[in-house]
1. Please count how many residues of region B:101-120 are open to solvent by 30 Å² or more (accessible area, probe 1.4 Å) and either more than 8 Å from chain A (Cβ to nearest Cβ) or over 20 Å from the mean Cα position of the chain (by Cα) (or both).
2. In the list B:GLU239, B:GLU260, which residue meets the criterion of being modelled with pLDDT under 85 and surrounded by fewer than 17 Cβ atoms within 10 Å (Cβ to Cβ)?
3. Suppose the filter is open to solvent by 40 Å² or more (accessible area, probe 1.4 Å) and either farther than 29 Å from B:ALA105 by Cβ or among the aliphatic types (A, V, I, L, M) (or both); does A:ASN11 pass it?
4. Go through (1) over 25 Å from A:PHE282 (Cα atoms); (2) under 17 Å from the mean Cα position of the chain (by Cα); (3) of a type outside the set (Lys, Arg); (4) open to solvent by 50 Å² or more (accessible area, probe 1.4 Å) one by one and return the number of the condition A:GLU168 breaks.
5. Among the residues of region A:85-95, is there at least one that is among the polar types (S, T, N, Q), open to solvent by less than 10 Å² (accessible area, probe 1.4 Å) and under 18 Å from the mean Cα position of the chain (by Cα)?
6. Look through region B:172-190, keep the residues that are of a type in the set (Asp, Glu) and open to solvent by 10 Å² or more (accessible area, probe 1.4 Å), and return whichever of them is farthest from the other protein chains (Cβ to nearest Cβ).
7. I'm trying to understand the selection: among the residues of region B:49-76, which are aliphatic (A, V, I, L, M), in contact with a Pro (Cβ under 8 Å, 6 or more places away or on another chain) and within 14 Å of chain A (Cβ to nearest Cβ)?
8. Taking B:GLU161 and the conditions (1) at the interface with chain A (Cβ under 8 Å from one of its Cβ atoms); (2) in contact with a Lys or Arg (Cβ under 6 Å, 6 or more places away or on another chain), which numbered condition does it fall short on, given that it satisfies the others?
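The values are calculated or read from the model by the stated rules, or taken from the named source; none is laboratory data. A quick note: this is a predicted structure, and the numbers were derived from the prediction, not measured. Cβ placement follows ideal geometry from the backbone for every residue including glycine, while neighbour counts extend to all protein chains displayed. Calculation scope for accessible area: heavy atoms of the full protein, side chains included, ligands and nucleic acids excluded. Shrake-Rupley method; radii C 1.70, N 1.55, O 1.52, S 1.80 Å.
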There are 2 protein chains.
Amino acid sequence: MSKDYAKITENALTNYLPSADCREKKLIDAMAYSLEAGGKRVRPYLVFSFNSLCGGSEESATAFACAVEMIHTYSLIHDDLPCMDNDDLRRGKPSNHKVFGENIALLAGDALLTLAFETLTNEKTVKICGTPACCRGVSVLSKYAGATGMIGGQVIDLMSENTNAPIEVLREMDYKKTACLIKAACELGCISAGANDKQIKAASEFGECIGIAFQIQDDILDVTSSDEELGKPVGSDAENSKSTYVSLLGIEKCRELVDELTKKAVNALQGFDGDTTELGDFAYKLAKRNK
Amino acid sequence: MSKDYAKITENALTNYLPSADCREKKLIDAMAYSLEAGGKRVRPYLVFSFNSLCGGSEESATAFACAVEMIHTYSLIHDDLPCMDNDDLRRGKPSNHKVFGENIALLAGDALLTLAFETLTNEKTVKICGTPACCRGVSVLSKYAGATGMIGGQVIDLMSENTNAPIEVLREMDYKKTACLIKAACELGCISAGANDKQIKAASEFGECIGIAFQIQDDILDVTSSDEELGKPVGSDAENSKSTYVSLLGIEKCRELVDELTKKAVNALQGFDGDTTELGDFAYKLAKRNK
């Protein structure tokens, strides 16, 4: 990685947060707590990389990268709530509601979701990227994050508990729950740089493939990793009687699938003229991650 | 009211929902349940009215009106959750989580919040209103609905429970919790019609005044109305030991304040050249409502 996109993202995220010098300080603190809790910053990396590949400036990618990370972060906060997965730990730290209470965690999630769209359309972003890119950014992000994208995937996940869901349900669930937002990140990188439709389509294909591979790898790690490595309780899928790729196909077949999807993703990068080595390496690294 | 804006809004809201012919049907049903639960459709009315006052077409106001109503609806769903107000009834019907479960209600709220921004930037809206109006619409709506607007107000509300909050806290809370979204509706009506800054500012002033009056009237109705009239349990503020305008100033002073704010709102309408009789009447009607 030639640039530390994670660091750039983290600095920018802090700047997009409203000042905590207000009566609703606890809300801003809760938003900051989860935004700053680390994580791999996979989605911002993809925004910056595709932006750069399409000849964009780092400045033009920043708001788009942060917006996707805000959506990702809100989804984790809501996902950890007692009425959802009821997870006490996230990335090795107490989850948001364990620190701030359920009501503030709920509202911090809502506020991050809202802030993503404010960030994509604030005066500075519009000045740098222009209204067509900002508008398309909101459209793409809201579509992939919404009822027929990420949230739809979470619902399919909930509905398929204890049902021995077949592989086609798993496939749709993983596509929506995880791949959609990663796909959005790749497309948003291109859009922030004013890319053409051919480039956006290639980025979309790349994102979809590594996104599904990423979720399958998550399922693998849920059964092979330790709590410490993973930063969250392992075996939580089995404990919640959730059907996963691993429970349906076994670990070996899952590893094959991850390899296959990663190759397909790297292949999609041929749609770009620039140097795609780093993005290709990134896809392979994701497929081999152990946390 | 020359046009049945509530009816137009309700038809359009249904059309903006994704098809329920999918695995996440329960989510779409939950979104539809609360969207279709009625209510006064105050915010859409304001969008349509200011759009019309600024010479816009009904077509250009529809997406903006529906987006505000989606935000309002999601906030009610989340507000009723057990970790928030824990209300079993909303508009005389079981609240969303009583019908669909807490997890689906949480996600239906998230999905409506997201759908608001998708609606403001979809292909059709962009074609009708243009990218600058859509972009500014997202910016205004996200700002007023976010951490320093509506959500901030909800947090101040939570934090001020059992604290005998003084009047300046109440004022900020009511401004943010209720007036911000009503103000957004008025501004969005102008923006959807391509209005100038002077018009947007006048609409903003009108919205702020009737918004605060609306919340004070809500506090009054919480102590003077019956469950049946109100469609929700009365006295819930007192039960939750919440400081309100009524508990601090008494009912008579509150009624005076509502009158004063309403007159100020009507006065702001002088910033428009067109016929503002209906909007003025609407402000007086809101101030006199009994549910």
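1. 2
2. One residue alone meets the criteria, B:GLU239.
3. Details: open to solvent by 40 Å² or more (accessible area, probe 1.4 Å): yes; either farther than 29 Å from B:ALA105 by Cβ or among the aliphatic types (A, V, I, L, M) (or both): yes.
It is true that A:ASN11 is open to solvent by 40 Å² or more (accessible area, probe 1.4 Å) and either farther than 29 Å from B:ALA105 by Cβ or among the aliphatic types (A, V, I, L, M) (or both).
4. The number of the failed condition is (2).
5. There is at least one residue in region A:85-95 that is among the polar types (S, T, N, Q), open to solvent by less than 10 Å² (accessible area, probe 1.4 Å) and under 18 Å from the mean Cα position of the chain (by Cα).
6. B:GLU187
7. B:VAL68
8. Unmet condition: (1).
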